[in-house]
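Take a look at the structure below.
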Amino acid sequence: MDWPTALHPSLTASDKALFKCGQDSPHQSRLLRSNIPKKEYVSQRLGEDWSEWFETSVFKSPPGSVKPESGFHILLSARVYPVQTDPEEIPARLNYLPISSKNWQEITNAFPFHNAICSSIGLERCYSTYLVKEVKPEPLEMYTAVMNSLWPRNVAISSTHFQTAKFTAAIIYGCNQEQMVRVENLLHDSPEVWEHPLLMVRIFAELQRDRLTDLAQEIIESSQDLIIDLNIRRISEDQTLTWESSVRLGEHRLKGKQLEEEIRTTKEELKKMIEAINHRKKKDGGEPDLKKTEDGGEPDLKKTEGGEEPDFAVSTRRFVNRFEEICCDMDSLMAKCRISYEEVTFTREIFIAEQARREAVEARKTGSVSTVIAFVAMLYLPMTSVATVFAMPVFNFGNRWVDARWNPTSGQSSSSDGGGSGGSDNPVFSGYFWTYLAATIFLTLITILGWSWYTKEPAKPAASGGIAATARNENSGGWGASDYPGSTDSGGEMMAGANGSVGSKIPLLQQYFYRLWPAGRKWSWNPWSWFGTRRVDRDISKA
């Protein structure tokens, strides 16, 4: 809630021009007028002829005079029809009025509304102003409030309360039929506050509370739909998060946070209004602080000569208590929005975790199959390689053909068969197959040993240095820092690199070379170390 310091806060000619007036709609505007003596109000729809309203004493009173009657005149202006687009529609702004320019000019000339409505009517946040204007013949209390235009069912209020006449003139912009009925019910249930300056503040607070409650309920229902959809996808076989679902999740989480911020802003506006009411009562020297006492009792109020509480003070206290109740409702709505946001976020994280788990299982299965395929290909690779080499033109085994026992054959044709057909003495199975088989087996073993050595898990680094580390190193068939040329041996400690692997500062190919052909000081080759046998030719006590 802002406290403007403008010297002339009333609507000027340029301010009035910001409102886009059209034609008088017979079904979109409604007037509420009070009748204080009868404790009733009149609700009438304003058709094309507004002369009956303009003939009342409120409009006939001369400028600069006190308004002749108490109570209220509230004009409920509905929102004009939205702009139709394909496939959606764009709602009209609140400054588009279903009122003719002539009638709008009559209304603004009779009632001095605050010009803050012009700059705040399109804001995407809750906004309100309150100003007490000390002018003659009577002080004016000017109140302006606007709801966030980001959400549907937003309205704006311009009201002016004449303190001497106890008369309130107000316009509510953008009302729908449900909100009009709500305003009538509020006025019908509280006739004792019709002359109170906080009447329109209460109406705006109630409309905002109803609107935020419905929006929060929509967010909660939407979150439940999203959670059900995610749970169904999580347990289904085709567990995928589509782009549409991701967009819905993002939009829902954003709306939840924005609505929570809107509720928090509304609560702060009400708290500022409560503080302003209490401050003004103290300043005017009237009733003391209207908040409850420390022991939870009712506040002390000034008594009249008959010992009764003033009606104005009682009504003010009721307004303050109601505003505090609405603040508590705002806390509850914020908690619901926060819970809905966290619930959707948690369900989404569970869905993603389950999807990642399934992908990991599938990847592990695929990796196992790939390992089998790679192992089979590794077995067949030496066979095909040797077969390719033997099939090269550089080898002509027919010039010296041998049988399975490696005996050379003449290679001449014979006609010993009964059919008399020609044939060859060369056997079908040649002894060169054994050469091929030996070469294939040797290369296959070399390939398997090399693959197993390269893919084995690296040795864990020693927990501590000294003799124990060196002994563990020798038991595992490893090597120390001094096993490499140019390295330094510090207490026999194993040299570990940044990644914790032994000898990681030495290139991999160089490690393999020194593994096969060890050299260096204080190290002698022991073939039994390859089989995990302890080397005895090294004095580890001198390490």
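The values are calculated or read from the model by the stated rules, or taken from the named source; none is laboratory data. Keep in mind that what you see is a predicted model, and the values were worked out from it rather than measured. Cβ atoms come from the backbone with ideal geometry, glycine included; neighbour counts cover every protein chain shown.
Quick check on my filter: what residues within the stretch 369-406 are among the small types (Gly, Ala, Ser), free of Cβ contacts under 8 Å to residues at least 40 places away in the same chain and more than 12 Å from residue 433 (Cα to Cα)? First the steps, then the outcome.
Filtering the stretch 369-406 down to residues among the small types (Gly, Ala, Ser) leaves 370, 374, 377, 385, 387, 391, 398, 404.
Subsequent filtering for residues that are free of Cβ contacts under 8 Å to residues at least 40 places away in the same chain retains 370, 374, 377, 391, 398, 404.
Of everything in the stretch 369-406, those that are among the small types (Gly, Ala, Ser), free of Cβ contacts under 8 Å to residues at least 40 places away in the same chain and more than 12 Å from residue 433 (Cα to Cα) turn out to be 370, 374, 377, 391, 398.
Conditions tested, residue by residue: (1) touching a Lys or Arg at 6+ places or on another chain (Cβ under 7 Å); (2) of a type in the set (S, T, N, Q); (3) modelled with pLDDT under 85.
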site: 336; (1), (2), (3): no, no, no
site: 340; (1), (2), (3): no, yes, no
site: 355; (1), (2), (3): no, yes, yes
site: 364; (1), (2), (3): no, no, no
site: 370; (1), (2), (3): no, yes, no
site: 376; (1), (2), (3): no, no, no
site: 381; (1), (2), (3): no, no, no
site: 391; (1), (2), (3): no, no, no
site: 394; (1), (2), (3): no, no, yes
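Name the single residue that is nearest to residue 30 (Cα to Cα) among those in the stretch 46-74 being in contact with a Leu (Cβ under 8 Å, 6 or more places away or on another chain) and modelled with pLDDT of 80 or more. Outline the logic, then answer.
Let us first name the residues in the stretch 46-74 that are in contact with a Leu (Cβ under 8 Å, 6 or more places away or on another chain), namely 46, 53, 72-74.
Now restrict to residues that are modelled with pLDDT of 80 or more: 53, 72-74.
On the way: 53: 11, 72: 14, 73: 11, 74: 8 Å.
My answer is 74.
How many residues does the stretch 214-249 contain that are within 22 Å of residue 338 (Cβ to Cβ) and in contact (Cβ under 8 Å) with a residue 12 or more places away in the chain?
Here the count works out to 14.
Quick grid of which residues meet (1) in contact with a Leu (Cβ under 6 Å, 6 or more places away or on another chain); (2) at pLDDT 80 or above; (3) among the β-branched types (Val, Ile, Thr):
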position	(1), (2), (3)
110	no, yes, no
118	yes, yes, no
122	no, no, no
126	no, yes, no
137	no, no, no
140	no, yes, no
152	no, yes, no
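Return yes or no: is residue 276 among the small types (Gly, Ala, Ser) and within 30 Å of residue 72 (Cβ to Cβ)?
On the way: among the small types (Gly, Ala, Ser): yes; within 30 Å of residue 72 (Cβ to Cβ): yes.
So residue 276 fits the description; yes.
When you scan the stretch 198-211, do you find a residue that is under 30 Å from residue 70 (Cβ atoms) and β-branched (Val, Ile, Thr), even just one?
Among the residues of the stretch 198-211, at least one is under 30 Å from residue 70 (Cβ atoms) and β-branched (Val, Ile, Thr), which makes the answer yes.
Residues being at pLDDT 75 or above and buried (at least 18 other Cβ atoms within 10 Å of the Cβ): count how many of those fall in the stretch 17-30.
Adding up the residues that qualify gives 4.
Please verify whether residue 155 is β-branched (Val, Ile, Thr), touching a strand residue (DSSP E or B) at 6+ places or on another chain (Cβ under 7 Å) and closer than 18 Å to residue 208 by Cα, treating the condition exactly as stated. Outline the logic, then answer.
Numbers: β-branched (Val, Ile, Thr): yes; touching a strand residue (DSSP E or B) at 6+ places or on another chain (Cβ under 7 Å): yes; closer than 18 Å to residue 208 by Cα: yes.
Here the answer is yes, as residue 155 does meet what is asked.
Does the stretch 224-260 hold any residues that are exposed (fewer than 11 other Cβ atoms within 10 Å of the Cβ) and either part of a loop (DSSP other than H, G, I, E, B) or not assigned by TED's automatic domain parsing to the domain that holds residue 345 (or both), and which are they?
Selection gives 236, 237, 238, 240, 242.
How many residues, within the stretch 118-138, are farther than 16 Å from residue 265 by Cα and either touching a strand residue (DSSP E or B) at 6+ places or on another chain (Cβ under 6 Å) or aromatic (Phe, Trp, Tyr) (or both)? Working first, answer last.
Just the residues of the stretch 118-138 that are farther than 16 Å from residue 265 by Cα, to begin with: 118-119, 121-122, 130-138.
Going one step further and asking which of them are either touching a strand residue (DSSP E or B) at 6+ places or on another chain (Cβ under 6 Å) or aromatic (Phe, Trp, Tyr) (or both), we end up with 121, 130-133, 138.
Here the count works out to 6.
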